[in-house]
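The values are calculated or read from the model by the stated rules, or taken from the named source; none is laboratory data. In this text, all values refer to a predicted model and were calculated from it rather than measured experimentally. Quick reminder, even Gly has a Cβ in these numbers, built from the backbone with ideal geometry, and neighbours come from all protein chains shown.
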Amino acid sequence: MGNSYEDECRRSLAEEQARSLAGTNDWEHVDRARVHQDWDVLYREITVFLNDGALPGDQEIQELVRRHFDIVCRFYIPSREAYVGMSLFYAEDEAMRAFHDSYHPGMVEFLGAAIRVFADRGTGFAPGAGSGAPVGPGGTGR
């Protein structure tokens, strides 16, 4: 996977979120307190698996990523590219990295890898520019 795919993912995230924000009055339909509570529970569960040596493609991890995706879908249903773009945002934005890594120092990298596996294998995405195409060899995005 080259930088052009990652750039496409970043663009998809930005464009899809902007459309959704504009069409929903800045996501006023979302119960943000509940979303943050649900993400907190989820990240604590992922941390347990991380501490036990889980791998991003493990079935239990992919089930947790499905829950993450379902929470994201409370805002809007992203394309595969936008969902991968979200994992890039988590890694590249200092505040998002600090937030996620506060659960576990390897959370951002682990979650990013797990999201890429999910995007490669998963269903339920909105149509996107590259939907249906694998994220990378073996779904790892590498």
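When residues in region 6-63 are screened for being over 26 Å from residue 121 (Cβ atoms) and surrounded by 15 or more Cβ atoms within 10 Å (Cβ to Cβ), 1 of them pass.
Take the conditions (1) within 15 Å of the chain's Cα centre (by Cα); (2) among the small types (Gly, Ala, Ser); (3) modelled with pLDDT under 95; residue 20 misses just one of them, which is (1).
Among all positions in region 24-31, there is no residue which is of a type in the set (S, T, N, Q) and at pLDDT 90 or above. One residue alone among 91, 82 is at pLDDT 95 or above and surrounded by fewer than 17 Cβ atoms within 10 Å (Cβ to Cβ), and that residue is 91. A single entry from 117, 72 fulfils the requirement of being modelled with pLDDT of 95 or more and either of a type in the set (A, V, I, L, M, F, W, C) or under 18 Å from residue 3 (Cα atoms) (or both): 117.
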